[in-house]
Amino acid sequence: MKASWDIFCSVVDNYGDIGVTWRLARQMVAEHQQAVRLWVDDFQAFVALCPDADATALRQTRQGVEVCQWPLQWPSSVEVADVVVEAFACKLPEGYLQAMKAREKPALWINLEYLSAEDWVSGCHGLPSLRPDGLKRMFFFPGFEAGTGGLLREADLIQRRRAFEQDPRARSEFLRGLGVFPADNARLISLFAYENAGLASWLDAMAAGSVATHLLVPQGRIMGDLLRWLGVSELPLGAVEQRGSLVIQALPFVRQEDYDHILWSCDFNAVRGEDSFVRAQWAGHPLLWHIYEQEEDAHWVKLNAFLDVYLKGLSPAAAQAFNALWQAWNAGSDMGGAWNSTLEHWPELTAHAERWCLQQSLQADLAQALVHFYRNWL
Ligand code: TRH
């Protein structure tokens, strides 16, 4: 059944808010044949993920999604959709709320929450909140466990990733397109992170290691720490710097679909925020998560909740090494010892990452769960 959806995205910072909503919007159209409008208040962030978009257009259709600039003055002519998704508690425009109240057939109003592995999530997923003005908002929580809204995952994602991995030419052609030519047997690692005082010690360990490592660094916030360690003032895109066993290469920020190819091409991925964190799990390779820092250290609870579920099934030694690596990275402390211990458990961690990916892919994905939620609500 085709319904209309309005997804509202306010870009707080970085790319996670638009990353999640743009991905969700596309999937709703492509796999569920829904009519989707995506309202975005920062088109620069959108264009970074979808470079063929027009940064100045008020409305444009991209991959079947009507992408609209979220205007400061809300026009009264906008009709309320059947389902309204307020991403990450961004406040809906007052004019839109008024129109929701006036709508003859009530719209389903969903607040799409941030991802967390904390165990209270399944208890709160799907709960309503009644407002004094009579409108009702439902809380929709993504998650890793049954009883949550699941994770964003396109229906053919794992199959496409496998096909890419089984075709060495596809990988080398993709890398060649980025100007990346890793040495045979070099370990390929991608690095997408916030500023991190622990970076220097990790780079030291990789440079001193016995295995060749090729580190790909997309343009972003970690660049300053990287340049400082290299002792250079800039690292032009594509240029390569070598220190000991470590080759470092800066990459452009690529379109969202191609970021998956980077993750699939690498043996290990350092990711951050929310969306790249999930995509690295679907890549099925070991990962290192730089969590988005929250007030009062709330992010540590989230980080440890994820580790609690992710580490299950690993040997105690591998779990300890992996846990130490994540703790050090997020504390910005010395990474050397934890990295070397992680290397000792590499095959086990690699097999575990694929197992985790397959286990998670048994859950209904988030877009599917949203469509079911709407059907059940009707
Ligand atoms: O960019 P992030 O740090 O985003 C966020 C926001 O800061 C948000 O406010 C915060 O609440 C949230 O994190 C937890 O990280 P994230 O979520 O991984 O988003 C990055 C997006 O950018 C993701 O969709 C992948 C995409 N991307 C590309 O499209 N091309 C690239 O080259 C890279 C490196 C990323």
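Determine which lysines satisfy two conditions relative to LYS136: a Cα distance under 30 Å, and not lying fewer than 8 residues away in the same chain. In chain and number order, the partners are LYS2, LYS91, LYS101, LYS105, LYS302.
Using the Cβ-Cβ distance between VAL78 and ALA324 with R0 set to 45 Å, the FRET efficiency from 1/(1 + (r/R0)^6) comes to roughly 0.30.
Helix 16-32 sits at what angle to the longest principal axis of the chain, using alpha carbons and giving 0 to 90 degrees rounded to 10? Value to nearest ten degrees: 60.
Taking the Cα centre of the range 87-195 as reference, the dipole from Cβ charges on Lys and Arg (+1) and Asp and Glu (-1) amounts to some 340 debye.
Measuring r between the beta carbons of ALA170 and GLU145 and using R0 = 30 Å, the FRET efficiency lands at 0.35.
A crude spin-label estimate for the pair SER341 and ALA163, with each label 7 Å from Cα along the Cβ direction, gives 4.2 nm. Extension gain for GLN98 to CYS124 (0.36 nm times residue separation, less C-alpha to C-alpha distance): 6.7 nm. Mind giving me the FRET efficiency for GLN242 and GLN359? R0 is 45 Å, r the Cβ-Cβ distance, nearest 0.05 is fine. The value I calculate is 0.70.
Listed by chain and number, the aspartates and glutamates whose alpha-carbon sits under 16 Å from that of LYS312, ignoring those within fewer than 8 places in the same chain, are GLU118, ASP119, GLU145, GLU348, GLU354.
Quick one: dipole size for the chain, taken about the Cα centre, charges +1 on Lys/Arg Cβ and -1 on Asp/Glu Cβ, in debye to the nearest 20. Mind dumping the intermediate values first?
Details: 31 positive and 46 negative charges, 167 e Å.
My answer is approximately 800 debye.
Of the peptides 174-186, 280-292, 351-363, the order by per-residue mean of other Cβ atoms within 10 Å, starting with the highest, comes out as 280-292, 351-363, 174-186.
Highest mean first, the peptides 56-69, 10-23 sorted by other C-beta atoms within 10 Å per residue fall in the order 10-23, 56-69. Counted over the chain with a bin width of 20 Å, the fraction of Cα pairs per bin, in whole percents, is 27, 56, 16, 0. In a fully extended conformation the segment linking GLU234 and ARG59 would gain 59.3 nm over its present Cα-Cα distance, using 0.36 nm per residue. Ranked by the mean number of other Cβ atoms within 10 Å of their residues, highest first, the peptides 313-320, 93-100, 202-209 come out as 202-209, 93-100, 313-320. For the range 203-355, the fraction of C-alpha pairs farther apart than 28 angstrom is 18 percent.
The long axis of helix 256-265 is offset from the longest Cα principal axis of the chain by roughly 30 degrees. For the range 165-269, GluC sites (Glu not before Pro) meeting the loop criterion (DSSP other than H, G, I, E, B) and having at most 13 other Cβ atoms within 10 Å: GLU195, GLU234.
As an exercise, identify the GluC sites (Glu not before Pro) in the range 95-146 lying in DSSP coil whose Cβ has no more than 11 other Cβ atoms within 10 Å. Walk me through the intermediate numbers first.
Working: sites: GLU104, GLU113, GLU118, GLU145; in loops: GLU104, GLU113, GLU118, GLU145.
Sites meeting the loop and neighbour criteria: GLU104.
Stretched out straight at 0.36 nm per residue, the stretch from ASP184 to ALA89 would grow longer than its current Cα-Cα span by 29.5 nm.
Every number here is computed from the coordinates shown, using simple stated rules; none is lab data. Note that this is a predicted model, so its numbers are computed, not measured. When we count neighbours, we look across all protein chains shown, and the Cβ atoms used for this are built from the backbone with ideal geometry, even at glycine.
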